[in-house]
Amino acid sequence: MADLTAESLGCDPQQILVASTGVIGRPLPMPILEAGISQAVAALDENTMEDFAHAILTTDTRIKTASSAIILEDREYVIFGIAKGAAMIGPNMATMLGFILTDACIPQDRLQQYLRTAVNTTFNRIAVEGHTSTNDCVLALANGTEPIHDDDQFLVFNAIKSVCAQLAEQIIEDAEGANHVMEIRVRGCRTDAEAEAIARAVASSALVKTAVFGHDPNWGRVVSAAGYAGVMFEERDLTLTMGDIVLYQDGTPLAFDTSVASLYLKENRNVLFDLAFKLGDRDCTFHTCDLTYEYVKLNADYTT
């Protein structure tokens, strides 16, 4: 694929980056790819970005794009991103492809640092069913010619992170069969790693996902997932709030109106679980979705 593309473009194969998706273990249909590469190269122009965004979709129901602009010394630079992904999504970027493009001039080592840092707190903090894939990638390309001053690098990084965050959230919004988008907010941990471990455990719990799908405010599933995350804490260290309904405070289950809590899940597509600890000042926000009949249906006969 790299050789064919390079030949069509007139460049070195080392300049070609290959991304792939599809059913694991099935060889790629090379005759189709060989014909498609030459046709795609021939059709390239400044208006083909939307075509590209559509071309990479699989079970996605919509294209996923995001952008952020920054003004430096009276010149505007744009960070533009395209991604695909709707299922087989886990916190190691899952079966998703992401492409970040910019006309800013950013040295390769610095761009790599920015991308890795941004990915760790965006793409790596989403999950549909927690199943990671073999073919994920996020690529960043910078083709600017005029170097950006060191004093402005923070603005560039924030723009890259913003684009990554927008794309990650769009993936969860488009998750296969999802009725709810869930934000898992973990606060007051000793380290970032502990906060992420707890958020990941809650977000990946099939029991939490199915409870939200069924509008069941079963707080015990959330608390127990936090408990098996591998982070040491006492029950009294944790308070759990769903939306603005406190379910569990300082280790004590609270009396609450289950019908009101259930209605919150029924009437809101976007659901918040806030886990507040008393261990430190580190936090993590994770995004996931519920697990529905439609998701099972879509994936039960995926290849047959």
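The values are calculated or read from the model by the stated rules, or taken from the named source; none is laboratory data. What you see is a predicted model, and the numbers here were worked out from it, not measured in a lab. Note that each Cβ is placed from the backbone with ideal geometry, even for glycine, and that neighbours are counted across all protein chains shown. Keep in mind that these areas ignore ligands, DNA and RNA; they rest on the heavy atoms of the full protein, side chains included. Shrake-Rupley method; radii C 1.70, N 1.55, O 1.52, S 1.80 Å.
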FRET efficiency (F256, A206; Cβ distance; R0 25 Å; to 0.05) is 0.55
Just for the Cα atoms in the stretch 136-217, what are the lengths along the principal axes, largest first, rounded to whole Å?
55, 34, 20
Evaluate the charge dipole of the chain about its Cα centre and quote only its size in Debye, nearest 20, assuming +1 on the Cβ of each Lys and Arg and -1 on the Cβ of each Asp and Glu.
1000 debye
At what distance in nm do the modelled label points of H215 and H54 sit from each other, each positioned 7 Å from its Cα along Cα→Cβ?
3.8 nm
Please list, in chain and number order, the residues 5+ apart from V138 or on another chain whose amide H is under 5 Å from its amide H, with Hs placed from the backbone.
G98
Size of charge dipole - the stretch 153-250 - debye, nearest 20, with Cβ of Lys, Arg +1 and Asp, Glu -1, no other charges:
140 debye
Would you pull out the residues with amide H under 5 Å of L272's amide H, same chain only if 5 or more places away, H placed 1.01 Å from N?
E183, G243
In the chain, carbon and sulfur make up what percent of the accessible area (probe 1.4 Å)?
51 percent
The chain, helix-only ellipticity at 222 nm - DSSP H runs n ≥ 4, -39,500 (n - 2.57), divided by all residues, nearest 500:
-11000 deg cm²/dmol
Accessible solvent surface per residue of the stretch 208-290, calculated while the other protein chains remain in place, 1.4 angstrom probe, Å²
49 Å²
Rg(Cα) / (2.2 N^0.38 Å) computed for the chain, rounded to two decimals:
1.12
What is the packing order of peptides 175-187, 275-287, 229-241, taking the mean over residues of other C-beta atoms within 10 Å and listing the highest first?
175-187, 275-287, 229-241
Mind ranking 149-160, 38-49 by how tightly packed they are, going by the mean number of other C-beta atoms within 10 angstrom, highest first?
149-160, 38-49
With every protein chain kept in place and a 1.4 Å probe, the stretch 70-205 has an accessible area per residue in Å² of 41 Å²
